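First the structure, in the form of structure tokens, and then the observations on it.
The values are calculated or read from the model by the stated rules, or taken from the named source; none is laboratory data. Nothing here was measured: the structure is a model prediction, and the numbers come from that model. Using ideal geometry, Cβ is built from the backbone for each residue, glycine included, and neighbour counts are taken over all protein chains shown. Each accessible area value is taken on the protein alone, full model and side chains, heavy atoms only, with ligands, DNA and RNA left out. Shrake-Rupley method; radii C 1.70, N 1.55, O 1.52, S 1.80 Å.
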Amino acid sequence: MDRKNLFLILLVLGTAFWGISFPVVKLAIGEFSSSTFLFYRFLAASLVLSVIFAGQFKNTGWKSIKVGISLAIPLTFGIYMQTLGIRHSFASQSAFVAGMCVVIIPVLKIVLYKDKVPMKVWLAASVALTGLFVICIKENFSINIGDLYTLIGALGFAIYLIKVEQHSKNLNIITTIVPMFATCTLITAFLSVIDSQADWMPQSNIFWIGIAYCALFSTAYMYTISNLSQRYLSAERVSVIYLFEPIFGAVAAYFILGEILSWRLVLGGSLIFAATIISEVKLSQLSLLLKRNLEI
């Protein structure tokens with residue numbers, strides 16, 4: 001098997017890890033503090049990534065450290081808000097709301113950089129907002145606070161990904177990964193210290209299993225594979241693979257937490273899924289990309 005096909009399989013596996021992390025986090029945090037959960041998650045991930053990228057330390061200068069710090073701020077914000085969202089909403093629902101990140105990115109680029117607005121961006125945004133409305137807005141036109149947290153977190157992720165794209169043009173982005181997660185660890189440590197409900201040593205095996213899973217699989221594994229795969233796979237092909245994260249999340253929530261896949265979630269999630277395809281993939285190339293993926 002050549003490297004391109006290998007990384008394709010590894011990426012699909014990674015999106016499954018990401019999706020499964022939604023019900024895993026909800027199950028793990030229970031009534032425990034989100035800040036301490038994230039502190040231990042980032043600390044473990046930083047240690048693992050320090051071993052994986054030990055060979056990059058000689059190439060890690062002050063510029064890489066500064067970029068890593070700047071990336072850590074929106075990333076920590078995004079993951080923190082997403083974790084709060086998972087606590088207050090269904091894990092399957094949070095997975096689809098988090099998928100709005102893919103649609104937010106091109107809209108942010110338009111606002112920040114005054115890029116010309118392609119018609120497909122407006123179409124994708126309209127479809128995604130319709131899906132979000134179906135999932136989140138209740139009969140009395142109220143919105144679940146957990147969905148609101150997750151949506152705000154998606155904005156943080158979008159800013160993070162835009163900054164990664166900017167810095168990757170003139171910097172080996174791999175050298176920023178350890179400084180970035182080390183900074184995430186420090187930020188969440190501070191949040192834990194000021195959190196009056198923080199429990200530093202929860203007596204729960206599920207809590208620590210959740211830490212291990214998120215640190216190893218949805219953080220260390222996925223960030224390593226996603227960076228390395230960019231050498232062999234096109235951005236369009238990768239974007240198609242990432243679209244399956246909320247689907248894995250919904251299925252995992254059904255089996256792990258017993259969550260019901262309501263008609264609202266199925267319809268709204270399908271609309272958000274369609275919007276991400278519209279925004280990220282040239283429609284003329286979509287059928288060809290899907291055909292190639294199915295042939296692997």
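Inside the range 164-182, can you point out the residues that are at pLDDT below 85 and either touching an Asp or Glu at 6+ places or on another chain (Cβ under 8 Å) or open to solvent by 20 Å² or more (accessible area, probe 1.4 Å) (or both)?
Result: V164, E165, Q166, H167, S168, K169, N170, L171, N172, I173.
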Worksheet item: Going by the conditions given, is T150 assigned to a helix (DSSP H, G or I) and either over 14 Å from the mean Cα position of the chain (by Cα) or surrounded by fewer than 18 Cβ atoms within 10 Å (Cβ to Cβ) (or both)?
Response: no
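Tally the residues that are buried (at least 22 other Cβ atoms within 10 Å of the Cβ), farther than 11 Å from I211 by Cβ and not β-branched (V, I, T), restricting the search to the range 19-34. Break it down into steps so the answer makes sense when it comes.
Looking only at the range 19-34, we keep the residues that are buried (at least 22 other Cβ atoms within 10 Å of the Cβ), and these are 19-26, 28-29, 34.
So of that shortlist, the ones also farther than 11 Å from I211 by Cβ come out as 19-23, 26, 34.
When the remaining residues are screened for being not β-branched (V, I, T), the result is 19, 21-23, 26, 34.
Selection size over the range 19-34: 6.
Restrict the check to the range 49-64 and report whether at least one residue is closer than 21 Å to A189 by Cα, aliphatic (A, V, I, L, M) and touching a residue at least 12 places away in the same chain (Cβ under 8 Å).
Yes, there is a match, as at least one residue in the range 49-64 is closer than 21 Å to A189 by Cα, aliphatic (A, V, I, L, M) and touching a residue at least 12 places away in the same chain (Cβ under 8 Å).
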Worksheet entry | Condition check for W62: open to solvent by 30 Å² or more (accessible area, probe 1.4 Å), touching an Asp or Glu at 6+ places or on another chain (Cβ under 7 Å) and hydrophobic (A, V, I, L, M, F, W, C) | no
Worksheet item: How about the range 252-287: which of its residues are at pLDDT 60 or above and open to solvent by 70 Å² or more (accessible area, probe 1.4 Å)?
Response: Y254, F255, I256, I260, L261, W263, V266, L267, K282
Worksheet item: Do you know which residues across the range 35-48 are open to solvent by 20 Å² or more (accessible area, probe 1.4 Å), in contact (Cβ under 8 Å) with a residue 40 or more places away in the chain and not charged (D, E, K, R)?
Response: F39, Y40, L43, A44, V48
Discussion item. One residue is enough: does the range 288-296 have a residue meeting the conditions assigned to a loop (DSSP other than H, G, I, E, B), surrounded by fewer than 15 Cβ atoms within 10 Å (Cβ to Cβ), among the β-branched types (V, I, T) and modelled with pLDDT under 60?
Written reply: yes
Response to the item:
Checked the range 131-146 for anything open to solvent by less than 70 Å² (accessible area, probe 1.4 Å) and either modelled with pLDDT of 70 or more or part of a helix (DSSP H, G or I) (or both); matches are G131, L132, V134, I135, C136, N144, G146
Discussion item. Restricting to the range 186-207, and then to whatever is without any contact (Cβ under 8 Å) to a residue 12 or more places away in the chain and in a helix (DSSP H, G or I), can you tell me which residue is surrounded by the fewest Cβ atoms within 10 Å (Cβ to Cβ)?
Written reply: N205
Discussion item. Please verify whether Y80 is open to solvent by 30 Å² or more (accessible area, probe 1.4 Å), at pLDDT 85 or above and over 24 Å from T175 (Cβ atoms), treating the condition exactly as stated.
Written reply: yes
